[in-house]
1. Considering each residue of the stretch 164-193, count those that are within 16 Å of residue 88 (Cβ to Cβ), part of a loop (DSSP other than H, G, I, E, B) and under 17 Å from the mean Cα position of the chain (by Cα), and give that number.
2. Within the stretch 121-135, does at least one residue satisfy the condition of being within 18 Å of residue 76 (Cα to Cα) and among the small types (Gly, Ala, Ser)?
3. Do the conditions hold for residue 232, that is, is it farther than 14 Å from residue 85 by Cβ, touching a residue at least 40 places away in the same chain (Cβ under 8 Å) and surrounded by 18 or more Cβ atoms within 10 Å (Cβ to Cβ)?
4. What are the residues in the stretch 55-109 that are of a type in the set (Gly, Ala, Ser), over 13 Å from the mean Cα position of the chain (by Cα) and on the phi > 0 side of the Ramachandran plot, if any?
5. Tally up the residues in the stretch 123-143 that are surrounded by 21 or more Cβ atoms within 10 Å (Cβ to Cβ) and touching a helix residue (DSSP H, G or I) at 6+ places or on another chain (Cβ under 6 Å), please.
6. Go through 179, 122, 151, 136 for me and flag whichever is over 30 Å from residue 27 (Cβ atoms) and in contact (Cβ under 8 Å) with a residue 12 or more places away in the chain.
7. State which residue is nearest to residue 75 (Cα to Cα) when the search covers only the stretch 196-238 and only residues that are in contact with an Asp or Glu (Cβ under 6 Å, 6 or more places away or on another chain) and assigned to a helix (DSSP H, G or I).
8. How many residues are at pLDDT 90 or above and among the aliphatic types (A, V, I, L, M) if we restrict to the stretch 183-224?
Amino acid sequence: MTRLARDPLYRRHRFPAGVIAHAVWPYFRFPLSLRMVEDLLAERGIMVSHQTVRLWAEKFGRHFANEIRRRSAGKLGDKWHLDEVVITIQGKKHWLWRAVDQDGFVLDALVQSRRNAKAAKRLMRKLLKGQGHLPRVMITDKLRSYGAAKRDIMPGVEHRSHKGLNNRAENSHQPIRRRERIMKRFKSAGHLQRFVSIHDPIANLVHIPRHDIPSAHHRELRATAIQLWSDIARLHAN
């Protein structure tokens, strides 16, 4: 029997790619703790510690997220919804700034210690660098910092500032809120930034807008997303 060559991505790792990818996937896909993922693997007879799951999530999750981000570059929407939410870390307030497009796909997220025009400018510069193009329209809440930043960074872009228009961006914070409770708060601003930078691209991969989509088509899109995950995790050669 011919044995398939091990993919270089998984070299020097005792467990096969399928096991590692199966650990990383549910950790970022669902609001699970490291110990919950450890238990899920144990139920399948795979004995690894939660610390091993954490190392896999950081190393391979980062690689998978970067690959998803590379493949989606320039393909997301041109209507940007921007929002910020406060997250308390070790008794200090931090602000998680996030932008999503009109279909709910996360464009980028940035953890900052301030909620002002300078912080809004940093988010907009990061968005322009990552997306490579200006939005057709930008939608925010009533925070004046957005308007001040937009006048300097992208003055020609239409700006709609209204609390009721920005539910899409506000709803995009919910998965991080759920994870915050599971993890019993984030350890630092860096920890939060690292987590969202991996979590959001993987969430994009399996995000399928359900509005006006027949069930059969939804299942087809989900199967395509799962196949794409298999390709990104390089499971075909293991």
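1. 3
2. Yes, that holds for at least one residue.
3. On the way: farther than 14 Å from residue 85 by Cβ: yes; touching a residue at least 40 places away in the same chain (Cβ under 8 Å): yes; surrounded by 18 or more Cβ atoms within 10 Å (Cβ to Cβ): yes.
Spelling it out, residue 232 is indeed farther than 14 Å from residue 85 by Cβ, touching a residue at least 40 places away in the same chain (Cβ under 8 Å) and surrounded by 18 or more Cβ atoms within 10 Å (Cβ to Cβ).
4. Selection gives 74, 91.
5. Residues meeting the conditions: 3.
6. Details: 179 fails: over 30 Å from residue 27 (Cβ atoms); 122 fails: over 30 Å from residue 27 (Cβ atoms); 151 fails: in contact (Cβ under 8 Å) with a residue 12 or more places away in the chain.
It is 136.
7. The selected residue is 232.
8. Residues meeting the conditions: 8.
The values are calculated or read from the model by the stated rules, or taken from the named source; none is laboratory data. Here the structure is a predicted model, which is why all the values come from computation and not from measurement. Note: ideal-geometry Cβ built from the backbone for every residue, glycine included; neighbour counts use all protein chains shown.
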